[in-house]
Amino acid sequence: MNLDTLPSEIVTRCFSYLSTDSLTDIILLENIPDKIVQAAAYNLNNLWYSKRYRSVEKDKVANIEAYYETDFERFLRIHKILEEKSFKCPLWFHCTWDNILEMHQNLDSIDSVYNGQELGIHVDLEDPAFQTYPIFSTHDINLKITCLSLNSFYKRCINLDNFPILETFYGYYCEISVDHDHPSLKNLYLNQVTFSSLPTNLIKLVAKECWINMDENHPKLKALTSLTLERTDERTDCFSLLRLLWNKNLEHFSYIGRGVIEENESREEDEIFSMIGPKVTSLGKSGSIPASIPTLRSLYSISGGGLENLNAYTHMTSLTLWEPSDINSCNLPPNLLRLTLNSPDDTIERLKFPLSLLKLSITSAKFNDLTKIEFPPKLVDLELESCDIASTTGWLKPAQLKRLSLARNNLSSFKAVLPCCEFLSLSDNKIEKVEIEAPVLKNIDLSENKLTYIPELPASVQVLVFRYNNLALSEMSEMPPNLKFLDLSDAGTGTLKNYTFPSSIQELHLTGLDLSGMSGVKFAKGSRMIELDLSCSLLGKIDDKMIELPLGLKSLDMCGNHFNHIKKLTIPQTVTFLNLGSNLMRSLEVKSHIETLYLDENPRLSSLAIPKDSELKFLDLTQTGIKKFSFDIFGADKLTQLRLGSEVKVIDLSKMPVNFQVLEYPGYCQIKGLRRHLNTNIYRRHEVSEL
């Protein structure tokens with residue numbers, strides 16, 4: 001059949017079943033009809049970019065199952081094609097900011113591709129400087145973001161009014177402020193967040209383990225249709241808050257308390273749930289499962305009973321049961337598509353699944369006999385984790401499975417034919433032997449097993465996680481030809497000698513191995529290696545005879561190796577990130593192309609030579625032998641952020657670079673020369689005295 005002869009709407013509908021990966025592959029094909037490109041673009045919900053690879057475990061960012069373009073050049077090609085065809089696909093960026101430089105680099109990249117489309121950004125804020133340093137500073141990205149997700153490791157306040165077209169915000173471990181009249185904010189997903197006000201046009205609120213400081217005079221949220229409160233703390237009592245937030249238009253309501261409640265609180269809870277009207281189609285609660293709402297489409301239940309009557313919910317498509325009692329009496333809804341069971345009280349002896357089921361997740365359960373359990377033939381996603389499974393014989397029949405996880409079980413071997421499987425996790429078992437036929441497999445996690453070899457894998461595999469095994473490094477076999485990500489951290493013993501890694505690998509982790517006897521390690525011609533991690537590998541020394549670093553490498557991590565120097569190692573000029581922390585360096589001549597340099601925990605370091613043409617922008621010198629820091633001595637004219645330890649007693653900023661912005665210091669010291677830069681904003685994390 002020629003798709004080009006079919007009507008556009010039919011072609012578009014056909015493509016709706018394809019993965020994001022397949023859709024982007026189609027868009028990159030040459031000389032294909034516009035109708036095909038249009039169908040692929042229409043079904044491409046989001047175009048992602050992230051430096052990190054998707055794990056085998058389901059990785060969700062902002063409630064969206066993440067697909068990443070990890071190659072920025074490929075991302076740009078896809079984006080350019082869509083722009084040329086006038087398709088404005090929503091953009092998503094996943095960033096990790098370990099320092100201010102990374103923030104500015106990421107924002108520059110985002111700005112270069114933005115052209116009026118919906119824009120979502122997820123950020124892991126790992127630098128403590130972000131407690132005071134303004135995120136999105138010197139950029140107007142905040143004026144363009146429609147969805148923002150912040151995962152902060154250090155609590156700070158985020159003013160959402162600085163994002164005027166923001167529609168959705170996901171926050172973790174922070175404080176937020178927002179006016180009642182924010183023009184566009186409709187959805188809030190909050191975890192360990194403090195807040196006291198909400199926009200009156202809010203449609204969806206999810207608050208988990210939050211501190212809610214709203215008073216009784218807060219305006220009503222008349223547009224609210226979805227409300228979730230789980231283990232929250234309130235200024236008054238939760239039931240007063242519920243009455244404040246409640247309205248008759250709620251379609252989703254979930255309330256999970258912090259634990260056992262008193263009798264009077266139980267009566268108040270019953271009163272709240274008695275208010276549920278016919279519009280509620282999604283419900284979450286602890287305790288007994290209500291039989292009074294037969295139109296429910298989704299149910300999230302903790303420690304609920306009454307499972308024998310669940311088949312009355314003929315409209316239900318999604319069901320989650322935590323710690324359910326009497327699981328063997330359960331009669332599941334007949335049209336269920338997604339089912340999650342966690343920690344059932346009883347051993348599962350019989351459980352009949354509806355034929356419609358597509359996704360099944362069972363965790364921390366025990367089966368009497370798995371061969372007597374009939375799994376639905378249409379299953380595409382199966383998780384059986386921490387279920388004490390010792391064998392897959394007789395029950396694993398994965399006709400259409402695209403994703404399979406049997407992590408944290410007791411398997412000693414695994415043999416299967418997986419014709420449709422793309423993601424496979426067998427981590428944390430006792431596996432010694434693996435035999436699989438999986439022609440479209442892309443991502444496999446074999447970590448924390450007893451494998452002494454890397455099994456034969458299909459050529460389609462792009463991600464291999466092999467951490468914590470018993471691999472004999474000296475006998476390591478060839479890797480799949482399309483492998484992009486390889487993690488061999490703590491994977492085994494022996495000596496890595498005369499081994500050539502395939503050119504396809506872009507990210508390689510060798511941390512935790514004993515590489516002291518390494519020699520002759522190379523990377524195939526045309527290597528696309530971007531990131532190499534050799535941290536904590538007992539190297540002691542390193543030179544070009546041990547390993548020839550590939551041209552094009554950008555990130556090199558060699559922390560924790562007891563290096564005195566690295567003079568005999570040729571570092572490619574493409575390397576911009578270098579981590580030499582936790583070593584025994586006495587001095588270092590910094591290469592001019594290095595932009596980010598970690599030298600923390602080098603107690604013997606007393607000398608640092610930075611060339612005049614240095615591109616260095618971030619420097620970490622915490623816990624070194626340097627007692628005094630002066631820009632007059634160290635130079636680094638492009639430095640923007642500096643970390644120093646408590647051993648530094650005097651910091652001279654007299655000749656501070658014009659773009660310097662952040663000084664991090666964990667104690668008390670003297671600052672010289674700051675008054676020469678009265679019009680410069682410097683963000684300091686700790687109190688210092690000024691001279």
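General observations
- Inter-residue pairs, beta-carbon under 9 Å, first part of a loop (DSSP other than H, G, I, E, B) and in the stretch 603-615, second modelled with pLDDT of 90 or more and among the aromatic types (Phe, Trp, Tyr), 6+ apart: none
- Single residue of the stretch 110-126 satisfying the filter (outside any helix (DSSP H, G or I) and of a type in the set (S, T, N, Q)) that is surrounded by the most Cβ atoms within 10 Å (Cβ to Cβ): Gln117
- Search result, residues across the stretch 127-160 that are crowded, with 16+ Cβ neighbours inside 10 Å and among the charged types (D, E, K, R): Asp127, Lys144, Arg156
- Residues that are surrounded by 14 or more Cβ atoms within 10 Å (Cβ to Cβ) and at pLDDT below 80, drawn from the stretch 276-297: Ile276, Gly287, Ile289, Pro290, Ile293
- Residue check for Ser516: part of a loop (DSSP other than H, G, I, E, B), more than 29 Å from the chain's Cα centre (by Cα) and under 19 Å from His565 (Cβ atoms): yes
- Each residue in the stretch 479-506 was checked for being touching a Lys or Arg at 6+ places or on another chain (Cβ under 7 Å) and assigned to a strand (DSSP E or B), and 2 of them qualify.
- Selection within the stretch 78-103 - within 23 Å of Leu28 (Cα to Cα) and either among the small types (Gly, Ala, Ser) or in a loop (DSSP other than H, G, I, E, B) (or both): Lys85, Ser86, Phe87, Lys88, Cys89, Pro90
- Of all residues in the stretch 170-196, those satisfying the criterion of being closer than 21 Å to Glu234 by Cβ and either of a type in the set (Gly, Ala, Ser) or in contact (Cβ under 8 Å) with a residue 60 or more places away in the chain (or both) are Gly171, Ser177, Tyr189, Ser196.
- Of the residues in the stretch 633-650, at least one is part of a helix (DSSP H, G or I) and of a type outside the set (Gly, Ala, Ser).
- Residue within the stretch 198-206 that is modelled with pLDDT of 90 or more, surrounded by fewer than 19 Cβ atoms within 10 Å (Cβ to Cβ) and basic (Lys, Arg) present: yes
- Qualifying residue in the stretch 538-549 (condition: among the basic types (Lys, Arg), touching a strand residue (DSSP E or B) at 6+ places or on another chain (Cβ under 7 Å), over 17 Å from Leu599 (Cα atoms) and touching a residue at least 24 places away in the same chain (Cβ under 8 Å)): yes
- Of note, Asn106 satisfies the criterion of being on the phi < 0 side of the Ramachandran plot, assigned to a helix (DSSP H, G or I), out of contact with any Leu (no Cβ under 6 Å at 6 or more places or on another chain) and crowded, with 16+ Cβ neighbours inside 10 Å.
- Considering the stretch 647-691, the residues that are among the aliphatic types (A, V, I, L, M) and at pLDDT below 80 include one that is surrounded by the fewest Cβ atoms within 10 Å (Cβ to Cβ), namely Leu678.
- Residue check for Thr314: outside any loop (DSSP other than H, G, I, E, B), farther than 30 Å from Leu451 by Cβ and among the β-branched types (Val, Ile, Thr): no
- Check on Lys450, part of a loop (DSSP other than H, G, I, E, B), in contact with an Asp or Glu (Cβ under 6 Å, 6 or more places away or on another chain) and surrounded by fewer than 16 Cβ atoms within 10 Å (Cβ to Cβ): yes
- For the stretch 503-530, a residue qualifies if it is of a type outside the set (A, V, I, L, M) and in contact with a Phe, Trp or Tyr (Cβ under 8 Å, 6 or more places away or on another chain), and the qualifying residues are Ser503, Gln506, Glu507, Gly520, Lys522, Phe523, Ser527.
- Residue match in the stretch 384-401 (condition: buried (at least 20 other Cβ atoms within 10 Å of the Cβ), free of Cβ contacts under 8 Å to residues at least 40 places away in the same chain, acidic (Asp, Glu) and not in a helix (DSSP H, G or I)): yes
The values are calculated or read from the model by the stated rules, or taken from the named source; none is laboratory data. Just so you know, these numbers come straight off a predicted model, no measurement behind them. In this analysis, Cβ positions are derived from the backbone assuming ideal geometry, glycine residues included, and neighbour counts consider all displayed protein chains.
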